[in-house]
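Here is the structure we will look at, set down as structure tokens.
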Amino acid sequence: MLELTMPSQIRNFETENFYTIHSEKELIETFRPRDQKKLVLPERMEYPLNIRSYFTWKESSGVYTYLIFKGKNWDMPRGVAFKRTASTGEPVGGLCSWCNSYGTSEDIGLLSVAMSANVSTSYFICHDISCIEKIEDMADRGGKDPEKYITDLYTRMEKLFENISNYKREED
């Protein structure tokens, strides 16, 4: 069973960007060709998808987590396939580098992005990329405004896509 995560529609922050994906073809085209080969779409997905800043899902084996994100000044959303790094041994605790939430290695760990056939970049983040919900929950419990933390999250996501877009393979 696929796990879908779309930030809740309860709030509207200044940093948020609402957009729509109208078809499966449009969804697939948000991903690089390299990631399209790994793509396992959720079954029974209904279009159009009205998305609040980002949309994520995990395929059934848990190996791949997919993220579609649209920065405020971007024309089109972009997608990426993360590959989960298998954890070994007993579960340990960790801190997500995107939302600063704490969890076990079942919740938070290394997700890597293939930059080329031989190069990947890893991020120590929530496996389901449910960072905005965690930020909102932490802010609610602490009586704080989550806007700054959400802005930081979206900046980190934008940097991920900048790193992917700017990656240049070194000459042999």
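The values are calculated or read from the model by the stated rules, or taken from the named source; none is laboratory data. These numbers come from a predicted model, not from an experiment. Cβ coordinates were reconstructed from backbone atoms using ideal geometry, including for glycine residues, and neighbour counts include every protein chain displayed.
Please go through the range 122-143 and give me each residue that is hydrophobic (A, V, I, L, M, F, W, C), touching a strand residue (DSSP E or B) at 6+ places or on another chain (Cβ under 9 Å) and crowded, with 19+ Cβ neighbours inside 10 Å, ordered by number.
Applying the first criterion (hydrophobic (A, V, I, L, M, F, W, C)) to the range 122-143 yields 124-126, 129, 131-132, 135, 138-139.
Filter again for touching a strand residue (DSSP E or B) at 6+ places or on another chain (Cβ under 9 Å), leaving 124-126, 129, 131-132.
Correct list: 125, 126, 129, 131, 132.
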### Query
Of the residues in the range 36-64, how many are in contact (Cβ under 8 Å) with a residue 40 or more places away in the chain, outside any strand (DSSP E or B) and in contact with a Phe, Trp or Tyr (Cβ under 8 Å, 6 or more places away or on another chain)?
5
### Task
Return a yes/no flag: does the range 108-121 have any residue that is buried (at least 20 other Cβ atoms within 10 Å of the Cβ) and part of a loop (DSSP other than H, G, I, E, B).
no
### Query
Does the range 89-99 contain at least one residue that is crowded, with 16+ Cβ neighbours inside 10 Å and either over 13 Å from the mean Cα position of the chain (by Cα) or without any contact (Cβ under 8 Å) to a residue 24 or more places away in the chain (or both)?
yes
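Can you confirm whether residue 62 is of a type in the set (Gly, Ala, Ser) and crowded, with 16+ Cβ neighbours inside 10 Å? Lay out the reasoning, then the answer.
Values: of a type in the set (Gly, Ala, Ser): yes; crowded, with 16+ Cβ neighbours inside 10 Å: no.
No; evaluated as a whole, the condition is false for this residue.
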## Note on the structure
From the option list 120, 105, 116, single residue qualifying as of a type in the set (Ser, Thr, Tyr), more than 21 Å from residue 17 (Cα to Cα), modelled with pLDDT under 90 and touching a Lys or Arg at 6+ places or on another chain (Cβ under 8 Å) is 116
### Message
Being within 18 Å of residue 137 (Cβ to Cβ) and in contact with a Ser or Thr (Cβ under 9 Å, 6 or more places away or on another chain) narrows it down to one residue among 105, 87, 53; which is it?
### Response
53
### Meets criteria (in contact with a Ser or Thr (Cβ under 8 Å, 6 or more places away or on another chain) and surrounded by 20 or more Cβ atoms within 10 Å (Cβ to Cβ)) for residue 48
no
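Sort through 86, 139 and tell me the only one that's free of Cβ contacts under 8 Å to residues at least 60 places away in the same chain, part of a loop (DSSP other than H, G, I, E, B), among the aliphatic types (A, V, I, L, M) and over 22 Å from residue 27 (Cα atoms). Give the derivation first.
Numbers: 139 fails: part of a loop (DSSP other than H, G, I, E, B).
Just a single option satisfies the conditions, and that option is 86.
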### Query
Which of (1) outside any loop (DSSP other than H, G, I, E, B); (2) within 30 Å of residue 25 (Cβ to Cβ); (3) aromatic (Phe, Trp, Tyr); (4) free of Cβ contacts under 8 Å to residues at least 60 places away in the same chain is the odd one out, the single condition residue 154 does not satisfy?
(4)
## Note on the structure
If you go through 35, 75, the only one that is in contact with a strand residue (DSSP E or B) (Cβ under 7 Å, 6 or more places away or on another chain) and of a type in the set (Asp, Glu) is 35
